[in-house]
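What follows is a set of notes on a single structure, which appears directly below.
The values are calculated or read from the model by the stated rules, or taken from the named source; none is laboratory data. All figures in this text were calculated on a predicted structure; none of them were measured in a lab. Note that each Cβ is placed from the backbone with ideal geometry, even for glycine, and that neighbours are counted across all protein chains shown. When the accessible area is computed, the model is the full protein with side chains, heavy atoms only, and any ligands, DNA or RNA have been set aside. Shrake-Rupley method; radii C 1.70, N 1.55, O 1.52, S 1.80 Å.
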Amino acid sequence: MRRHPHLRSGPRAARPVRPRVLAVAGLVAWLWLAPRPALAMHIAEGFLPWQWCLFWAAVTIPFFLHGLRAIERATRESPDLKMLLGLAGAFTFVLSALKLPSVTGSSSHPTGVGLGTLLFGPTAMTVLGSIVLLFQALLLAHGGLTTLGANTFSMAVAGPLVAYGTYRGLRLVRAPSWLAVFLASALADLATYVVTALQLALAFPAATGGVAASAVKFMGIFAVTQVPLAAIEGLVTVLVFNLVAGSNQEELGDRP
């Protein structure tokens, strides 16, 4: 059976693995509970016209359903993956809740989708990301229920697909593993905001220049905060991914 490119072959080490996973979970919990300003998550409630809300929800549903099947299959084969799924979801929750104000009706922040994508695949991350966005909308007033489809598509569909394609492509050309993880996570973050800018541009085209001009304006404003955030997210994801993958070789097998 093909092994995950980051995982070592041979017998599993005897050192305890759960405390290391719990240590990461503890860090995630601490970051979550740390005080921070309450800002909108991606596109805020009521900001998009209802037609676009329905469109993005319809586009997202197939990815969500495929992700449910992928998670069910993975956890049936290895029930111990449930803890790692929870950890990947918590990682996404925390990073995507650390925000800086950006375009009106939106915000800039890390996405955290790289970790779950590399561990479980892109559509599994769609499910985790949609759950994260739902809880943030209900509990933290980040984002909204009407814009859940649009936010899920940008962060939990487009982002993971870019992360997965970047990672696979770099590993095919034998790039260093840390570089593949870093770029996969950073580019997924940037892709999320490119898609968000396009979503806003489609809903609110400029009077002069239309959708293209509006998209350039939104992406230019996002870039001020999002480029450095993407680099930071890439570094954090490399550290956490190496810790989690190195501690759970048997459970992860040849994932993603």
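Working from the pairwise distances between different alpha carbons, so that the mean of 1/r is found and then inverted, what is the range 108-148's Kirkwood radius in Å?
10.8
With each label modelled as a point 7 angstrom along the Cα→C-beta vector, the ARG174-VAL216 pair spans 4.3 nm.
List the equivalent ellipsoid semi-axes of the range 155-221 in whole Å, largest first, each obtained as the square root of 5λ for an eigenvalue λ of the Cα gyration tensor.
Rounded to whole Å, the semi-axes are 31, 10, 8.
Projecting label points 7 angstrom from Cα along Cα→Cβ for GLU77 and PHE135 puts them 2.6 nm apart.
Potential lengthening of the chain between ASN242 and ARG69 amounts to 59.6 nm, from the contour at 0.36 nm per residue minus the alpha-carbon distance. TRP56 sits with roughly 30 Å² accessible to a 1.4 Å probe, with DNA, RNA and ligands left out of the calculation.
Counting only Cα atoms, the range 108-256 measures 55, 35, 21 Å along its principal axes, largest extent leading.
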